[in-house]
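Below is one structure, written out as structure tokens; the observations come after it.
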Amino acid sequence: MTFEMPQFALAAPEIWLGVMACVVLVADLFDRSKDSRIAFFLTQFTFVVAIWLALSTHWGEGVQHTFNGMYISDNLAGLLKASMAALAALTVGYSRDYLLQRDLLKGEFFLLALIALLGMFVMASAASMLILYMGLELLSLSLYAMVAFDRDSRVGSEAAMKYFVLGALSSGMLLYGMSMIYGASGSLIITEIAATAASGQNGLLLAFGMTFVLVGVAFKFGAVPFHMWVPDVYQGAPTAVSAFLGSAPKIAALALFLRLLVEGLGDLHAQWQLMAIILAVGSLAVGNLFALMQTNLKRMFAYSTISHIGFLFLGLIAGTDEGYAAALFYAISYGIMSAGGFGMIILLSRRGFEADMIDDMRGLNDRHSGFALVMLLLMFSMTGIPGTVGFYAKWMVLQALVEAGLVWLAVLAVVFAVIGAFYYLRVLKSVYFERLEDPMPIEAAMGTRAAMMGTGGVVLLLGLFPGALIAVCRAAFGL
Amino acid sequence: MKLIYLLIVLAPLFGAAVAGLAGGAIGRANAHRLTILAVAVSAGLSLWVLYQHVSGTATSFNETIYTWAMVGDLRLEVGFLVDRLTAVMMVVVTTVSLAVHVYTVGYMHDDPGYQRFFSYINLFTFAMLMLVMANNFLQLFFGWEAVGLVSYLLIGFWYKKESAIFANLKAFLVNRVGDFGFLLGIAAVLFYYNSLDYVEVFGAARAAPELTMSIFGTEALVVTVACLLLFIGAMGKSAQVPLHVWLPDSMEGPTPISALIHAATMVTAGIYLVARMSPLFEFSETALTVVLVLGAITALFMGLVGLVQHDIKRVIAYSTLSQLGYMFVALGASAYAAGVFHLMTHAFFKALLFLGAGAIIVALHHEQDMRRMGNLRRYLPITHITMLLGTLALVGTPLFSGYYSKDAIIEAVHLSDRAGAGFAYVAVLLGVFITSLYSFRLYFLVFWGEERIDPHAREHMSHLPRYVLPVMQWPLILLAIPSVVIGYFTIAPMLFGGFFGEAIFVAPANDVLALLSEKFHGSFAFALHAAVNPAFWLAVAGAIVAWFFFNFRPSLLPMVNARLKPVIEVLENKYGFDVLYNQGFAGGGRLLGRALWRVGDQGLIDGLIVNGTARTIGRLAGLLRGAQSGYLYHYAFAMILGLLLLLSVFVANWQGWF
């Protein structure tokens, strides 16, 4: 192996995040204000610049490799990074007041969010299993710490512990699978693995390793039966962390899947398709059925996430570029909805009170009809009702499935979506049809309110004009 | 241009939204100012658009504004097709709407739902414009349903009045029957021509006029089936026999909307539809015959019912039914331009008559029975003169607008050799006599003869706020002008000058207006032609009979009534349609519904399927819930099991077991 100077410019987004993480760390030391103002705004600034950097560096520049072929820059990377950074900015924006009210606001939170995003960025641009794993661990370790951010909370610590132990288990399986694949192909570079897979050499070993890799990926997604951590962690973590956890990292998990199983092991599609079907159907069934019985909104969202992951998997199962584009669109739109859902809980909470029960949504329409409307849009979108972005997400996935000839799966997915409609609409029933004796006014800072309204607007706007985002998602796969 | 078209459509929508959502905040005066301004903008721009088309500077515009969704090859879009046909409709809709808006300020002056009313009529204007400006069937359907909705809301505007609620439900249900056909028609078009876009559909129909489909084992022309189904929709909206029953009842709504929706615009949507679809209808002789015959039946027999009504608005309503029949006769005879021409003239003079009737009703404190009117020309001179002008236009007095449009239809039917044209000719000729008779009956009963006004109502007349009558009379005067003169100036270009160009397609073999144009030597000569025209003498005869019995010798009337008792009873029962529908269809439907509800809904669907499924799912979920125990080692164990599952799939795959 000859050493050559890598093109650092291609990694500008990662470098920017890394540098800014250090800057935030230092700046926060000198910040005497109680609300970590400097760290917050610096972080948000970092996210915004990261979006711009991701697009300007990767989008429309063709496929380029650097760092000895271990780093890839392509349209997909650009889109993944931009959407992850945008979602991170949104969720961190929600979290500020929440943390402030609970005396949790410290500069470290923003630092962890930045490092988590750095991990996600690395995953999105990884062209080698080693880099992929490094990014994944960077993300995971930050998330473990974020879940345990409220050190005095018993449930928070318990959730973090569970997440950590199970995460370690899944990482072990992922690493084991990677070592098998390395053994079969003799390389860590994804394009070379793909070449081996295409040649059909060592097929058995590759497929064996692939099975373990799939387990690791499924855990990150939270697909059944590797989903057990999801409800406990979503419920136990501070809501601001749940919001963060539920949005951008899902796109990172998709990046993991796309880089490893599609680009690397796409030729083994016939092998992993059936396994993915099992994961998808299991997720749809368990997610929807369990969500029906929840009274805790955070837990309900957790199960709803699982069911959405099932839907997202359906797009991957199709195995076509249309399907991958649909899955990407689904992940992005789901990220927005999920952030909005948790954002609503944050918005309605106040010092010493968590609005995390479905009953806490009662009479929202009387308290503030604007936020009630946003909640309506979010729930409609999660259900998949036309006019909201969620409709197109489901629509694209189903279309890809039908084109791939998997009509029965599409029918099954729709049946589960109908079951899902029940628990989303039940929330709306609380919002609109249940009255409170004395509706409390909503105490939330202007920033949170604006973010909430913006989220609702985006859900509606993308539902009416989905063309651009669909086109971008398709372009990421060269369609 | 795109921006202008958008502005024309969206201005009333904006007005409706503001007046409807913030009506309480902006107050009554601002609500009517805003909505009138919105319609005035639309009307002004529509006139400008029409002028551009007439002067030849604008060409036909056909563009997509917004793509809602793509489903395979099917595009669901909002788009505008603005050609001369559309431009004429836009002007008719917006100008009549503007007159009605102004008039409403007086008519509804003491109504608590003032802002709501303005919001509705603005919304109606938006919906109607969407309908006529559509360039595809989806948007057409949207406009179609939206005007239906607003019509429903407005008929039941006084929602505490039993009869109004009954009437709007009836209108809604009868229109559902029509819409069912309409929707099937759109489905047929989509299925066989693979598009919803007008131009594409017309092209496909022209390319394959002989395309057939099989229904219940018989082969039928696709174009015939599609046209008949679309026509069922038109029958519902334009109240043609046998779907006419809702229109007379719709008079329960406030009078301004009777003028706007149930005379001038919405009910003519069916006429517009058939004219717009002329490239389809021209390929189906059968469909055109059906249109012709049903139109003729409506024209004659609905006019007859008008003779025995006592409610002033119902007389005009039956007159509207009859005149709509004339329009369909014109369409059925392939004289589409004549149909649209009559639509336009009728919109003005019928709106005028309705608004005049409304002025009388307001002046007499909501008295609608003609038996308690009489000699009103002394109290309401302007209303009297304008309504006389409207009546003269309606019966077809030479030089008045109605003369040109109605005579053109009669002549066109006369020249047509389509099956049923002979019957239609007789029907429309007799219809002229009937029209004249009921119109002058109304005129003499209301404005002449002895005064039969309730003393209470007369007192009310002197206590009206001062602005009310003037603000209602201005629209009357404004509408009277086109009612009188518009036919004289526009007949030559619209019927014989090829004004509509590409917008209306007539097969050369069917072109009766071309035949008629050989006899046409200018508007004035056409008017003089009346002297040798049976229609004119029939109208005169009708007027004389009306004058004789309702003004000169009213004492003879009871004797005549006694002689004609059986006939009058049939007419008063409206040929039994209401009885049949209320007791037969509605009653039977309710019996059937009750049976299905008991057995099917409560027993099977609710009991077994809906609640049963829900219970099953609930039980299943309860069982599974146990797995989510909260113990870390359970979770880890589940992961290991999952891994084992995937590994077994891997092994099975490798062994080729699948």
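The values are calculated or read from the model by the stated rules, or taken from the named source; none is laboratory data. Every value quoted in this text rests on a predicted model; they were computed, and no experiment measured them. Cβ atoms come from the backbone with ideal geometry, glycine included; neighbour counts cover every protein chain shown.
Would you mind stating whether residue B:565 is basic (Lys, Arg), loosely packed, with under 11 Cβ neighbours inside 10 Å and more than 14 Å from every other protein chain (Cβ to nearest Cβ)? Before the answer, list the steps.
Numbers: basic (Lys, Arg): yes; loosely packed, with under 11 Cβ neighbours inside 10 Å: yes; more than 14 Å from every other protein chain (Cβ to nearest Cβ): yes.
Criteria met by residue B:565.
Conditions tested, residue by residue: (1) modelled with pLDDT of 90 or more; (2) closer than 17 Å to residue B:245 by Cα; (3) under 19 Å from the mean Cα position of the chain (by Cα).
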{"residue": "B:261", "(1), (2), (3)": "no, yes, yes"}
{"residue": "B:277", "(1), (2), (3)": "yes, no, yes"}
{"residue": "B:300", "(1), (2), (3)": "yes, yes, no"}
{"residue": "B:334", "(1), (2), (3)": "yes, no, no"}
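Among (1) within 29 Å of residue A:422 (Cβ to Cβ); (2) aromatic (Phe, Trp, Tyr); (3) within 14 Å of another protein chain (Cβ to nearest Cβ), where does residue B:637 come up short?
Against the list (1) within 29 Å of residue A:422 (Cβ to Cβ); (2) aromatic (Phe, Trp, Tyr); (3) within 14 Å of another protein chain (Cβ to nearest Cβ), residue B:637 comes up short only on (1).
For the structure I just gave you, tell me whether residue B:535 is under 17 Å from residue B:429 (Cα atoms), touching an Asp or Glu at 6+ places or on another chain (Cβ under 7 Å), surrounded by 14 or more Cβ atoms within 10 Å (Cβ to Cβ) and modelled with pLDDT of 85 or more.
Details: under 17 Å from residue B:429 (Cα atoms): yes; touching an Asp or Glu at 6+ places or on another chain (Cβ under 7 Å): yes; surrounded by 14 or more Cβ atoms within 10 Å (Cβ to Cβ): yes; modelled with pLDDT of 85 or more: yes.
Against the criterion (under 17 Å from residue B:429 (Cα atoms), touching an Asp or Glu at 6+ places or on another chain (Cβ under 7 Å), surrounded by 14 or more Cβ atoms within 10 Å (Cβ to Cβ) and modelled with pLDDT of 85 or more), residue B:535 qualifies.
Do you know which of the residues in region A:437-452 that are exposed (fewer than 15 other Cβ atoms within 10 Å of the Cβ) and hydrophobic (A, V, I, L, M, F, W, C) is nearest to the other protein chains (Cβ to nearest Cβ)? Quick ask: steps written out before the conclusion?
As a first pass, look at region A:437-452 and keep what is exposed (fewer than 15 other Cβ atoms within 10 Å of the Cβ): A:437-441, A:443, A:445-447, A:450.
Subsequent filtering for residues that are hydrophobic (A, V, I, L, M, F, W, C) retains A:440, A:445-446, A:450.
Values: A:440: 25, A:445: 28, A:446: 24, A:450: 23 Å.
If we take residues in region A:437-452 being exposed (fewer than 15 other Cβ atoms within 10 Å of the Cβ) and hydrophobic (A, V, I, L, M, F, W, C), then A:450 is nearest to the other protein chains (Cβ to nearest Cβ).
Do we have residue B:109 as more than 14 Å from chain A (Cβ to nearest Cβ), in a loop (DSSP other than H, G, I, E, B) and in contact with a helix residue (DSSP H, G or I) (Cβ under 6 Å, 6 or more places away or on another chain) here? Walk me through it before giving the result.
Numbers: more than 14 Å from chain A (Cβ to nearest Cβ): yes; in a loop (DSSP other than H, G, I, E, B): yes; in contact with a helix residue (DSSP H, G or I) (Cβ under 6 Å, 6 or more places away or on another chain): yes.
Here the answer is yes, as residue B:109 does meet what is asked.
With within 25 Å of the chain's Cα centre (by Cα), surrounded by fewer than 20 Cβ atoms within 10 Å (Cβ to Cβ) and at pLDDT below 90 as the only criterion, which of B:20, B:44, B:27 stands out? Show your work before the answer.
Numbers: B:44 fails: at pLDDT below 90; B:27 fails: within 25 Å of the chain's Cα centre (by Cα).
Selected residue: B:20, the only one of B:20, B:44, B:27 that is within 25 Å of the chain's Cα centre (by Cα), surrounded by fewer than 20 Cβ atoms within 10 Å (Cβ to Cβ) and at pLDDT below 90.
Please indicate, with yes or no, whether at least one residue in region B:546-559 is under 30 Å from residue B:242 (Cβ atoms), out of contact with any helix residue (DSSP H, G or I) (no Cβ under 9 Å at 6 or more places or on another chain) and small (Gly, Ala, Ser).
no
crowded, with 23+ Cβ neighbours inside 10 Å, within 14 Å of chain B (Cβ to nearest Cβ) and not in a helix (DSSP H, G or I) - does that describe any residue in region A:259-277?
yes
So if I check each of A:159, A:198, which one is crowded, with 20+ Cβ neighbours inside 10 Å and farther than 21 Å from residue A:313 by Cα? First the steps, then the outcome.
Numbers: A:198 fails: crowded, with 20+ Cβ neighbours inside 10 Å.
Selected residue: A:159, the only one of A:159, A:198 that is crowded, with 20+ Cβ neighbours inside 10 Å and farther than 21 Å from residue A:313 by Cα.
Residue check, residue A:246 against (1) at pLDDT 90 or above; (2) within 14 Å of chain B (Cβ to nearest Cβ), all met but one. Which one?
Residue A:246 satisfies every listed condition except (2).
Taking the options B:603, B:630, B:622, name whichever one is loosely packed, with under 13 Cβ neighbours inside 10 Å, facing chain A (nearest Cβ under 8 Å), within 60 Å of the chain's Cα centre (by Cα) and not aromatic (Phe, Trp, Tyr). Let's see the steps before the verdict.
Working: B:603 fails: facing chain A (nearest Cβ under 8 Å); B:630 fails: within 60 Å of the chain's Cα centre (by Cα).
The conditions single out B:622.
Quick check on this structure: which one of A:295, A:305, A:239 is surrounded by fewer than 24 Cβ atoms within 10 Å (Cβ to Cβ) and either more than 9 Å from chain B (Cβ to nearest Cβ) or closer than 24 Å to residue A:77 by Cβ (or both)?
Only one candidate passes the filter, namely A:295.
Given the condition in a helix (DSSP H, G or I), at the interface with another protein chain (Cβ under 7 Å from one of its Cβ atoms) and either surrounded by fewer than 13 Cβ atoms within 10 Å (Cβ to Cβ) or β-branched (Val, Ile, Thr) (or both), answer yes or no: does some residue in region B:644-652 qualify?
Checked region B:644-652: at least one residue is in a helix (DSSP H, G or I), at the interface with another protein chain (Cβ under 7 Å from one of its Cβ atoms) and either surrounded by fewer than 13 Cβ atoms within 10 Å (Cβ to Cβ) or β-branched (Val, Ile, Thr) (or both).
Does residue A:224 meet the test of being buried (at least 24 other Cβ atoms within 10 Å of the Cβ) and either within 13 Å of the chain's Cα centre (by Cα) or more than 10 Å from chain B (Cβ to nearest Cβ) (or both)? Let's see the steps before the verdict.
Working: buried (at least 24 other Cβ atoms within 10 Å of the Cβ): yes; either within 13 Å of the chain's Cα centre (by Cα) or more than 10 Å from chain B (Cβ to nearest Cβ) (or both): no.
When the stated conditions are applied, residue A:224 does not pass them.
What number goes with the only condition from (1) of a type outside the set (Lys, Arg); (2) touching a residue at least 24 places away in the same chain (Cβ under 8 Å); (3) surrounded by 15 or more Cβ atoms within 10 Å (Cβ to Cβ) that residue B:212 does not pass?
The single condition residue B:212 does not satisfy is (2).
Return yes when residue A:130 is more than 14 Å from every other protein chain (Cβ to nearest Cβ), crowded, with 24+ Cβ neighbours inside 10 Å and in contact (Cβ under 8 Å) with a residue 12 or more places away in the chain and no when it is not. Walk me through it before giving the result.
Working: more than 14 Å from every other protein chain (Cβ to nearest Cβ): yes; crowded, with 24+ Cβ neighbours inside 10 Å: no; in contact (Cβ under 8 Å) with a residue 12 or more places away in the chain: yes.
For residue A:130, the condition - more than 14 Å from every other protein chain (Cβ to nearest Cβ), crowded, with 24+ Cβ neighbours inside 10 Å and in contact (Cβ under 8 Å) with a residue 12 or more places away in the chain - is not met.
Which numbered condition in (1) surrounded by fewer than 14 Cβ atoms within 10 Å (Cβ to Cβ); (2) over 40 Å from the mean Cα position of the chain (by Cα); (3) hydrophobic (A, V, I, L, M, F, W, C) is the only one that residue B:585 fails?
It is condition (2) that residue B:585 fails.
Output yes when any residue across region A:195-203 is away from every other protein chain (no Cβ under 12 Å), touching a residue at least 24 places away in the same chain (Cβ under 8 Å) and either assigned to a helix (DSSP H, G or I) or within 23 Å of residue A:73 (Cβ to Cβ) (or both), and no when none is.
Checked region A:195-203: at least one residue is away from every other protein chain (no Cβ under 12 Å), touching a residue at least 24 places away in the same chain (Cβ under 8 Å) and either assigned to a helix (DSSP H, G or I) or within 23 Å of residue A:73 (Cβ to Cβ) (or both).
How many residues does region B:356-378 hold that are over 16 Å from residue B:439 (Cβ atoms) and part of a loop (DSSP other than H, G, I, E, B)?
7
Residues of region A:22-41 being closer than 30 Å to residue A:127 by Cα and surrounded by fewer than 20 Cβ atoms within 10 Å (Cβ to Cβ), which ones? Give the steps one after another, and end with the answer.
Here is the first cut: in region A:22-41, the residues closer than 30 Å to residue A:127 by Cα are A:22-25.
Once the filter is applied, which keeps residues that are closer than 30 Å to residue A:127 by Cα and surrounded by fewer than 20 Cβ atoms within 10 Å (Cβ to Cβ), region A:22-41 yields A:22, A:23, A:25.
Which condition from (1) surrounded by 13 or more Cβ atoms within 10 Å (Cβ to Cβ); (2) more than 10 Å from every other protein chain (Cβ to nearest Cβ) is the one that residue B:595 breaks?
Among (1) surrounded by 13 or more Cβ atoms within 10 Å (Cβ to Cβ); (2) more than 10 Å from every other protein chain (Cβ to nearest Cβ), the lone unmet condition for residue B:595 is (1).
Take the conditions crowded, with 16+ Cβ neighbours inside 10 Å and closer than 29 Å to residue A:101 by Cβ and apply them to residue A:406. Does it pass? If you could, list the steps in order and put the result at the bottom.
Details: crowded, with 16+ Cβ neighbours inside 10 Å: yes; closer than 29 Å to residue A:101 by Cβ: no.
Considered against the rule, which asks whether it is crowded, with 16+ Cβ neighbours inside 10 Å and closer than 29 Å to residue A:101 by Cβ, residue A:406 comes out as no.
Any residue at all in region B:56-73 that is within 25 Å of residue B:278 (Cβ to Cβ), hydroxyl-bearing (Ser, Thr, Tyr), assigned to a strand (DSSP E or B) and touching a residue at least 12 places away in the same chain (Cβ under 8 Å)?
Here is the first cut: in region B:56-73, the residues within 25 Å of residue B:278 (Cβ to Cβ) are B:56, B:58-65.
Pick out the ones that are also hydroxyl-bearing (Ser, Thr, Tyr) and you get B:59-60, B:64.
After this cut, where a residue has to be assigned to a strand (DSSP E or B) as well, the list is B:64.
Going one step further and asking which of them are touching a residue at least 12 places away in the same chain (Cβ under 8 Å), we end up with B:64.
Checking region B:56-73: at least one residue is within 25 Å of residue B:278 (Cβ to Cβ), hydroxyl-bearing (Ser, Thr, Tyr), assigned to a strand (DSSP E or B) and touching a residue at least 12 places away in the same chain (Cβ under 8 Å).
Return the only residue of A:61, A:137 being surrounded by fewer than 24 Cβ atoms within 10 Å (Cβ to Cβ), among the charged types (D, E, K, R) and touching a strand residue (DSSP E or B) at 6+ places or on another chain (Cβ under 7 Å). Let's see the steps before the verdict.
Working: A:137 fails: touching a strand residue (DSSP E or B) at 6+ places or on another chain (Cβ under 7 Å).
Of the residues listed, the single one that is surrounded by fewer than 24 Cβ atoms within 10 Å (Cβ to Cβ), among the charged types (D, E, K, R) and touching a strand residue (DSSP E or B) at 6+ places or on another chain (Cβ under 7 Å) is A:61.
Among B:412, B:457, which is the only one that is outside any loop (DSSP other than H, G, I, E, B) and surrounded by fewer than 17 Cβ atoms within 10 Å (Cβ to Cβ)? So that I can check it myself, show each step before the final result.
Details: B:412 fails: surrounded by fewer than 17 Cβ atoms within 10 Å (Cβ to Cβ).
One residue alone meets the criteria, B:457.
Would you mind telling me which numbered condition in (1) in contact with a Phe, Trp or Tyr (Cβ under 6 Å, 6 or more places away or on another chain); (2) closer than 25 Å to residue B:634 by Cα residue A:243 fails?
Unmet for residue A:243, out of (1) in contact with a Phe, Trp or Tyr (Cβ under 6 Å, 6 or more places away or on another chain); (2) closer than 25 Å to residue B:634 by Cα: (2).
Within region B:496-523, how many residues turn out to be surrounded by fewer than 16 Cβ atoms within 10 Å (Cβ to Cβ), assigned to a helix (DSSP H, G or I), in contact (Cβ under 8 Å) with a residue 24 or more places away in the chain and hydrophobic (A, V, I, L, M, F, W, C)?
1
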